[in-house]
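The values are calculated or read from the model by the stated rules, or taken from the named source; none is laboratory data. Every value quoted in this text rests on a predicted model; they were computed, and no experiment measured them. Virtual Cβ from ideal backbone geometry, glycine too; neighbours counted across all protein chains shown.
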Amino acid sequence: MKTIITSLAFILVLGLPVSAQWAKTKDNSIPRAADGKPILTAKTPQTREGKPDLSGVWQSDTDPAGLPKGIDTVESITGLNAPRYFVDVTADLKQNEVPFQPAAAAAFVQRLQNMGKDDPTARCQPTGVPAINNIPIPFKIVQTPGLVVILYEDSSVFRQIFMDARKPVADPQPRWMGYSTGRWEGETLVVDSIGFTAKSWLDRIGHTHSEAMRVTERFRRRDLGHLEIEVTIDDPMTYTKPIKYVQKATLVADEDLLEYFCTENEKDVQHYR
């Protein structure tokens, strides 16, 4: 357990950028209370096509309950707070319930023993999917009928989710963000993504995956201010059954993204010498 705590503190302290936003600009389309604050429980906005409009700037909710086995809160060891799945995508499982394949279990233990020093984000490489939706840094969804774009303040990267019924990429070149196609199932946007590089980590304590990983995300906007992303990680080469969790996010009203590049404030390499 000491190894996990040391590793987690190391990654969180070194790996999280400081986010800053534009000066607030009032969005007149958002219902507001008498004091001017957005009514986050207002009705879900709709597009002209009658679909839920997922557009907006979102921030993943912090939820320290269930953080790595034996740790009560991230804040208690680092002074920071973060979404539970940012730290551990298996936070909802008991330690003996994580469905590792033997080689994956060994790789995970090695990453813990290395105190997370091989975490690609600590070297300013992209966070990757699905982990990038779990970090406590804003992201922006731009929705059109044929294409949904997600812009991330983290490393100023983006995703394109094609809604034109195109076929999945055949023999894809592995990428950090993968290749994504989407479809509507009722009020839910279902996104299927493949073609990931195995270099990325699923979380900051080092759960691994292979290039065969398939990620399914189900985006639901419950009301004006609350988004749920149900994630299924299916990778038979790494896990004996899929890993599932739900990341919640809250609308960041009246603000927008700024660019952020880890390399402009990189302070990690000296700790690896």
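Can you tell me which residues in region 81-95 are out of contact with any Ser or Thr (no Cβ under 8 Å at 6 or more places or on another chain), crowded, with 22+ Cβ neighbours inside 10 Å and within 17 Å of Leu112 (Cβ to Cβ)?
Answer for region 81-95, where residues must be out of contact with any Ser or Thr (no Cβ under 8 Å at 6 or more places or on another chain), crowded, with 22+ Cβ neighbours inside 10 Å and within 17 Å of Leu112 (Cβ to Cβ): Val87, Asp88, Val89, Thr90.
Quick one: which of Gln125, Gln95 is modelled with pLDDT under 90 and at negative phi?
Gln95 is the lone residue from the list that is modelled with pLDDT under 90 and at negative phi.
Looking at region 188-240, which of the residues that are basic (Lys, Arg) and touching a residue at least 24 places away in the same chain (Cβ under 8 Å) is farthest from Gln125 (Cα to Cα)?
Arg222
Given (1) surrounded by fewer than 14 Cβ atoms within 10 Å (Cβ to Cβ); (2) more than 23 Å from Cys124 (Cβ to Cβ), identify the lone condition not met by Phe261.
The failed condition is (2).
In region 24-55, which residues are touching a Gly at 6+ places or on another chain (Cβ under 9 Å) and either modelled with pLDDT of 95 or more or outside any loop (DSSP other than H, G, I, E, B) (or both)?
Pro38, Ile39, Leu40, Thr41, Ala42, Pro45, listed by residue number.
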